[in-house]
Amino acid sequence: MEENELYGQLNKIYETILKKEGVTVAPETTAADIDGWDSLTHMILMDSIEKHFYIKFKLMEIMKFNNVGDMVACIQKKLAAK
Amino acid sequence: MSVTFRRANAADKDFVIKAITEAEKSGSDTISYCAVFSITEDELKVILGKILDEEMGGQELYLPGFIIAEVDGVPAATISGWIEGEEGMASSMIKSNLFMYHTDREVLMKAVPQMKLVNAVNIDREQGALQIEYVYSAEGYRGRGLAAQLVDEHIRRNREEGKQVEKVQVMLMGSNAPAIRAYEKAGFITVKEKKLDDPAITKLLSCDTKILMERILN
C-alpha cells in the first residue's frame, strides 16, 4: 500500500475514534500533538488500526513507537509480509 | 525488629499481587480493575502476573519497581515507585499498552464506557517527579512506620542512581482518610483534587474523588 493511502486511511480512523473532522497525522505526530489522544483513546486507536489492516502489533513494537511514522513503518512491514 | 529493604524479584510476585489488589481496594471492597473490566479477582491476578512478568519500567506495575521491606527476613510491606516519564512515555500510556496486550480484547473493548468514567477522575502525573503507588503493609506489620521508611528508601535509591528527585507524589482516593492523614503526617500536602458528579463512578471506584498529594524534597 502506498504511504499516502495508508496515511489517508489512518486519518479516517483517527477522525472516527476522536470524533473530530480534519484530523491529519504525519510521521512526526505524537500523542502530545493531538488533543484527546490519551491512554484510553490510545488503546482504542491501536485496536481499530489492527482490525482495519488485519494485523497484530507485538507489545514491544507498540512500546517502540515514538511517533506515527514508527507505527506506519511497522504497519507497512506487516502488510508486506502478508 | 530488624528491617531490611530490597527490590522485588520473581519470588515476590504473589506478595506484590496481594499488595496491588489490597491497595486497589483502598479500604473498600471494590477492586477498580475488576469493576471496570467486569472480571473476577482471580482473573485480575492472572493478568497482573503476566504484566509483572514483562518487567516494563516507567509505570507502577513494574516488578523491580517495588521495594520490599522485610522484617526479620519476612516480606512485611511494599511500595511501587518510578520516575514519571523516565521511559520517554507517560506511565498511563505504558500501562494501557500492557493491559491491551494481556487482557482479552473483547473484555477490554466492552469496558470502554467504564474506562471513560474512570479516566474522567484521573489526574496527570508530573513528569520527573517520583511517583509512589500500591502502598501495602501485611497484617501484623501495620502501624510500624514501614510505609514511610519505604518512601524514603525509594528516594534514597533513586538519588543513589543519580536521578534528580525533587518531589514525591502519590494519588489517593478521596475517601481514604487514614491514608491521607498518614501522608500529611509524613509532610505531604494535597495539590490537586478531581471529582466526578456521576453516581456511576462509585460502582467502579471506592469514591468519586481522586486527590494528588506531594512532598517537596530538600
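Condition check for B:MET109 on (1) aliphatic (A, V, I, L, M); (2) closer than 30 Å to B:ALA138 by Cβ; (3) surrounded by fewer than 18 Cβ atoms within 10 Å (Cβ to Cβ); (4) within 10 Å of another protein chain (Cβ to nearest Cβ): one failure, at (2).
The helices (runs of 4 or more DSSP H) found wholly in chain A and carrying at least 2 residues that are more than 11 Å from chain B (Cβ to nearest Cβ) and surrounded by fewer than 12 Cβ atoms within 10 Å (Cβ to Cβ) occupy A:3-18, A:68-80. Note on the stretch B:181-213: residues that are over 18 Å from B:ASN122 (Cβ atoms), modelled with pLDDT under 95 and surrounded by 18 or more Cβ atoms within 10 Å (Cβ to Cβ) total 1. For the stretch B:70-89, enumerate the residues that are facing chain A (nearest Cβ under 10 Å) and touching a helix residue (DSSP H, G or I) at 6+ places or on another chain (Cβ under 7 Å). Within the stretch B:70-89, B:GLU87 is the sole residue that qualifies.
When the stretch B:63-74 is filtered for residues that are buried (at least 21 other Cβ atoms within 10 Å of the Cβ) and in contact (Cβ under 8 Å) with a residue 60 or more places away in the chain, the ones remaining, listed by number, are B:PHE66, B:ILE67, B:ILE68, B:ALA69.
Restricting to the stretch A:56-82, what's the tally of residues that are aliphatic (A, V, I, L, M) and under 22 Å from B:ALA111 (Cα atoms)?
In the first step, residues of the stretch A:56-82 are kept if they are aliphatic (A, V, I, L, M); the result is A:59-60, A:62-63, A:68, A:71-73, A:75, A:79-81.
Going one step further and asking which of them are under 22 Å from B:ALA111 (Cα atoms), we end up with A:59, A:62.
Adding up the residues that qualify gives 2.
When the helices (runs of 4 or more DSSP H) confined to the stretch B:1-118 are screened for residues that are polar (S, T, N, Q), those reaching at least 2 such residues are found at B:91-102. The residue that is surrounded by the fewest Cβ atoms within 10 Å (Cβ to Cβ), among those in the stretch B:45-62 that are charged (D, E, K, R) and under 18 Å from B:GLN131 (Cβ atoms), is B:GLU55.
Kindly check whether there is at least one residue in the stretch B:62-69 that is at the interface with chain A (Cβ under 9 Å from one of its Cβ atoms) and within 23 Å of A:LYS58 (Cβ to Cβ).
Here is the first cut: in the stretch B:62-69, the residues at the interface with chain A (Cβ under 9 Å from one of its Cβ atoms) are none.
No, the stretch B:62-69 contains no residue that is at the interface with chain A (Cβ under 9 Å from one of its Cβ atoms) and within 23 Å of A:LYS58 (Cβ to Cβ).
Only one of the listed residues (B:ALA90, B:ALA77) is within 18 Å of B:GLU139 (Cα to Cα) and in contact (Cβ under 8 Å) with a residue 12 or more places away in the chain. That residue is B:ALA77. Can you confirm whether B:VAL16 is at the interface with another protein chain (Cβ under 10 Å from one of its Cβ atoms), in contact (Cβ under 8 Å) with a residue 60 or more places away in the chain and within 16 Å of the chain's Cα centre (by Cα)? Criteria not met by B:VAL16.
Just to be sure before I move on: is B:LEU117 surrounded by 14 or more Cβ atoms within 10 Å (Cβ to Cβ), of a type outside the set (Val, Ile, Thr) and modelled with pLDDT of 95 or more in the structure I sent? When the stated conditions are applied, B:LEU117 does not pass them. Annotation: B:GLY143 fulfils all but one of (1) at pLDDT below 95; (2) within 14 Å of another protein chain (Cβ to nearest Cβ); the unmet one is (2).
Based on this model, can you work out whether B:ASN97 counts as touching a helix residue (DSSP H, G or I) at 6+ places or on another chain (Cβ under 8 Å), at the interface with chain A (Cβ under 7 Å from one of its Cβ atoms) and surrounded by fewer than 19 Cβ atoms within 10 Å (Cβ to Cβ)?
Working: touching a helix residue (DSSP H, G or I) at 6+ places or on another chain (Cβ under 8 Å): yes; at the interface with chain A (Cβ under 7 Å from one of its Cβ atoms): yes; surrounded by fewer than 19 Cβ atoms within 10 Å (Cβ to Cβ): no.
Judged against the criteria, B:ASN97 is not a match.
Being touching a residue at least 12 places away in the same chain (Cβ under 8 Å), touching a strand residue (DSSP E or B) at 6+ places or on another chain (Cβ under 9 Å), assigned to a strand (DSSP E or B) and among the β-branched types (Val, Ile, Thr) is a property that holds for B:ILE132.
Would you check if there is a residue in the stretch B:161-174 being surrounded by 13 or more Cβ atoms within 10 Å (Cβ to Cβ), touching a residue at least 40 places away in the same chain (Cβ under 8 Å), outside any strand (DSSP E or B) and basic (Lys, Arg)? Within the stretch B:161-174 (the criterion being surrounded by 13 or more Cβ atoms within 10 Å (Cβ to Cβ), touching a residue at least 40 places away in the same chain (Cβ under 8 Å), outside any strand (DSSP E or B) and basic (Lys, Arg)), the answer is yes, since at least one residue qualifies.
The values are calculated or read from the model by the stated rules, or taken from the named source; none is laboratory data. Keep in mind it's a predicted model, so treat the numbers as computed, not measured. As a convention, Cβ positions derive from the backbone with ideal geometry for all residues, glycine included, and neighbour counts pool all protein chains shown.
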